[in-house]
Every structure is written in structure tokens, then in C-alpha cells.
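**Q** Dropping the structure in here first, questions after.
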Amino acid sequence: MSHRSPQLAAALVAALLTAEPALAQAPKPAEAPPAAAAPQTTAPPQPSVAPAPAEPAPLAPEKLPAVVAKVNGHEIKKDELLAQLRGVQPDITGGLNPALAHRVLDTLIARALLRQEAQAQGVTVTDEEVKKEVEELRGQFPTPEAFAQALAAEGMNEVQLLDRARQEFLVQKYVETKVAPKVAVTDEAAKAFYDQNQERMKTPEQLHLRHILVSVEPTATPEDKQKAKTEADAVLAKVKAGGDFAALAKEHSDDPGSKEKGGDLGWIAKGQTVEPFEQAALALKDQEVSGVVETRFGHHVIQRLETRPAGLLPFPEVKERIVQFLKQRDTQQALQAEVQVLRTKGKVETFI
């Protein structure tokens, strides 16, 4: 089973409960332009319009009850609701958006129901699992002080973080062990989705590129800039003389993301890189190497390896992404249905 930080576990559950999953990297079709309207010589009759319903008044945080809901006796406190709301409505000084407050409260209720059901079905988490989650979260911060400051900003200490991590990880584990395994996506379902969503499977022209970057800091002196240009010229000369591009990239490139891959940037579509880099790459033929190209990052030597024309992505290439998308969508629907059953069977009281 995969491990995630408490925030990511919470995001997983929130997404499964409330959001439609996105099919990664599958472009949506462009909207068709509206049809031109025929010219009119007289003004069209104006339909009567009913007045829009009045917007509900914002909720004053100080007027909320200390307990905003009970789930089978478990209290959801105002402070918990406000802490979650601040993540989506940072400024609450003018009052809380009522619709948003109720949606967030529904999510807290759903999590409470799922935690209770997880415990009822014998799902447990160990201290070691919880500590691992917290350590992974701690590792995302550059220093212990930064981690402590982030906790303080959330109004939490490490004991409270461990407790929240335990609760969120329990829900995550329940979803992964009790709900998701019941969802299966067949090859036939994936192919049917592919056939019915051809527009989403189209891709623009893409270039397979690699580069060598000699970086230049924004605050570099003219002398430092010239030194970097001279180094880039020397690298280009080695490439032109038949040097191994990948080996030279590993030796000289300052791009940490591609350096160890021999400068390989993978497939790049138009609009994904800065303009000088893109224009230089588009001007190349397959297997051709550019001159030294300057961007705000420094000096690049670019090689265009191959070109993939615009068109429909073949099913085998997108099958795995489609299966993942359908699995997430169907798991989300199953989880929503389960929450509804648990809510109907249980006793849920709300006080806002």
C-alpha cells in the first residue's frame, strides 16, 4: 500500500468525496465559435425575468456554536470547521460563505463517518505508520524551524499533528483496502471510453528534445555572463566535432532535471518552454543541433531528436491513464454512495 503525507491523504479523500477526477494529459476539445446571428431590423421582444433569489447572508464566525455537528455522538467543533475553511477561504473577516461552509462541513461529516466505519470493520493504523507519514511531511520542509513555523501557522503542535495524521491515514487506509479493491476497470471499458472521447485523445505536434544548459544567474555581472557564453560555445564545439551529446550533458549541463538523463527533456509541445528556446527548437530538423541559444536561464545547446506529428494518440499509449482515470472516478462514486448509506443509517445532526 502506498504511503502519503497527511495533507495528501486528506486531499485524496476530499477529491474522492467531492471532485471529478481529471484525465491527466488528455487535452480537451476547443470550443466551437458561436454561430453568427442573423441581422435584425427590429428589437426582439424582451422576456420577463424573475428576480434572482437573494444571496444568503455571510455566516459570522463568532456566532457559530462551539459544536457545529454531531456524527453518531462524535462532536465536530467550530474550530475544526474554521481551520478547514481557511484553506479555501483564507479571509474570513467579512463572514463565511454559507454554501462553502456547508460543503466543508459535509466533508468533515463524511470523514467522521468513514473513520467510524473503518474502526467498525477492524481497520487499524500503527504508530510506526503514522510516524512515517509525519516524517515524510517533515522532509518537505528545508529546516526543522520551517516545519515548526508551518505547524504554528495552522495553530497546531506535533502532538495534534500526529493525532490528525492518524485520523486521516485511517480513512485513507479504509479507502485503499475496503473500497478501492471492489472497483475493477476492464480493458473493454477503457477501450469504450477511448472510442467515445476521441477529441480528448488528440495531441498537438511534439518534439523530442535534449539540451545542455550553462546557467546564468539573474544578478550575474557582464564578465560572468561572458564566461558562461564562452563555456557554452566550447561545449557546442565539442558536440559539432562529434562528441557524445548525452555524455557532454552529464558533464557540463546545469539543468538538474535533465542532466543525469543526458539532457533528455522528453516530448515537448508548443507553449511548454520559454519563447527563445521554443523558436530555436522549432527551427531545427530531426537530429540537428542548434547554436548557442540564450534565455533567462542561461545558454543552451539544443538537439531535436525526433518529431511526433499532431493527431490521435494510439489506445495502447493512453490505456494506462484511462484505466487510472476510470478507477478513480468509479472509486469516488462508490465512496460517495457509501457515505450516503452511512449517513442514512447513522445519526447526523448539524447546527449551522
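The values are calculated or read from the model by the stated rules, or taken from the named source; none is laboratory data. This one's a predicted model, so the numbers in the text were calculated from it and none came from an experiment. Please note: Cβ atoms are built from the backbone with ideal geometry, for glycine as well, and neighbour counts cover all protein chains shown. Heavy atoms of the whole protein, side chains included, go into the accessibility calculation; ligands, DNA and RNA do not. Shrake-Rupley method; radii C 1.70, N 1.55, O 1.52, S 1.80 Å.
**Q** Ratio of alpha-carbon Rg to the 2.2 N^0.38 Å globular estimate for region 63-129, to two decimals, please.
**A** Numbers: Rg = 14.2 Å, N = 67, 2.2 N^0.38 = 10.9 Å.
Normalised by 2.2 N^0.38 Å, the Cα Rg of region 63-129 equals 1.30.
**Q** For region 169-295, just run the numbers: alpha carbon Rg, then divide by 2.2 N^0.38 Å, N being how many residues it has. Write down the numbers at each step before the final one.
**A** On the way: Rg = 22.0 Å, N = 127, 2.2 N^0.38 = 13.9 Å.
Scaled against compact globular proteins, the figure is 1.59.
**Q** State whether region 229-303 is rounded, prolate or oblate according to the following rule on the C-alpha gyration tensor (a ≥ b ≥ c being the square roots of its eigenvalues): a/c under 1.5 gives rounded; otherwise a/b larger than b/c gives prolate, and the remaining case gives oblate.
**A** Judged from the Cα gyration tensor, region 229-303 comes out rounded (a/c under 1.5).
**Q** So if I take the alpha carbon set of region 285-338, get Rg, then get Rh from the Kirkwood formula, what is the Rg over Rh ratio?
**A** Here the Rg-to-Rh quotient is 1.34.
**Q** Can you compute the charge dipole magnitude of region 50-136 about its Cα centre, using +1 on each Lys and Arg Cβ and -1 on each Asp and Glu Cβ, nothing else charged? Give it in debye, rounded to the nearest 20.
**A** For this selection, approximately 380 debye.
**Q** Also, I was wondering about something else. Using the Karplus equation 6.51 cos²θ - 1.76 cosθ + 1.60 (θ = phi - 60°), what ³J(HN,Hα) coupling, rounded to whole Hz, does each residue of region 120-126 give in order, writing x for Gly and Pro?
**A** For region 120-126, the Karplus curve yields 5, 8, x, 6, 10, 10, 8 Hz.
**Q** What is the dipole size for region 231-302, taken about its Cα centre, with +1 at each Lys and Arg Cβ and -1 at each Asp and Glu Cβ, in debye to the nearest 20?
**A** Around 100 debye, computed over region 231-302.
**Q** Can you give the log10 of the normalised intensity I(q)/I(0) at q = 0.09, 0.12, 0.20 Å⁻¹, computed with Debye over equal Cα scatterers of region 115-232?
**A** Calculated log10 I(q)/I(0) at the listed q: -0.66, -0.86, -1.04.
**Q** For region 258-317, what is the accessible area per residue in Å², given a 1.4 Å probe and the full set of protein chains? List each step's numbers first, then the result.
**A** On the way: 3320 Å² over 60 residues.
The answer is 55 Å² per residue.
**Q** So, one more: Determine the shape class of region 221-352: with a ≥ b ≥ c the square roots of the Cα gyration tensor eigenvalues, call it rounded for a/c under 1.5, and otherwise prolate if a/b is greater than b/c, oblate otherwise. Intermediate values should be presented prior to the final figure.
**A** On the way: a/c = 3.66, a/b = 2.39, b/c = 1.53.
In terms of gyration-tensor shape, prolate.
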